[in-house]
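Structure first, then comments.
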Amino acid sequence: MKIKQNVLISFLIVMVIVNLSILFQENSFVRRVLWRVLITKDPAPLLLVTATDEIFRQHPPEGNIFLKFKGFDKSYEHKNYASIIFFRINYALYPKRVFACEKGRKIIRGFEFIESPFEPDEKWFSDNGVSDIIIFSRDDSGRISYTGEKTK
């Protein structure tokens, strides 16, 4: 019994070390977020999640929404922030639908829409029950803001 317990504890320690080493790789997004929050005392990465939830708690849309991302490029960091925003909004608004690109495009990692220059028209919005458009903008300093507008 004691051997099984020691093996299990050893296994768990090794798994924690492996996971921490993956998280803290030089290009790790998690590493950059933790550095900004813990070392530089910049709460922006955490505020992104809580602010995203708060947007829709205070102003729930009547129907589905369409997301636009301005100032986000294909860099690793921009894709990760777009992914966090996309999945948090989907979570906050379920069962409503959240669109960020044309129907039929598979969104698996949460940033595939950055590569899609899709600009829907009013008919598309109407056909898909979209009542609101939320535009997330990223400025040169990395600050992310949002605006919202109703569809016609």
Practice task
Among the numbered conditions (1) in a loop (DSSP other than H, G, I, E, B); (2) of a type in the set (Phe, Trp, Tyr); (3) crowded, with 16+ Cβ neighbours inside 10 Å, tell me where residue 86 comes up short.
Solution key: (1)
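Report the residue count in the range 106-152 for those that are aromatic (Phe, Trp, Tyr) and assigned to a loop (DSSP other than H, G, I, E, B). Spell out the reasoning first.
Residues of the range 106-152 aromatic (Phe, Trp, Tyr): 111, 113, 118, 124-125, 136, 146.
Pick out the ones that are also assigned to a loop (DSSP other than H, G, I, E, B) and you get 111, 118.
So the count comes out to 2.
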Problem - Lone qualifier among 74, 123, 79 - being basic (Lys, Arg), touching a helix residue (DSSP H, G or I) at 6+ places or on another chain (Cβ under 7 Å), loosely packed, with under 14 Cβ neighbours inside 10 Å and at pLDDT 80 or above - result: 74
Fill in the blank from the handout: Being crowded, with 17+ Cβ neighbours inside 10 Å and among the polar types (S, T, N, Q) narrows 147, 52 down to just 52
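The values are calculated or read from the model by the stated rules, or taken from the named source; none is laboratory data. Here the structure is a predicted model, which means the values were calculated and not measured. Note: ideal-geometry Cβ built from the backbone for every residue, glycine included; neighbour counts use all protein chains shown.
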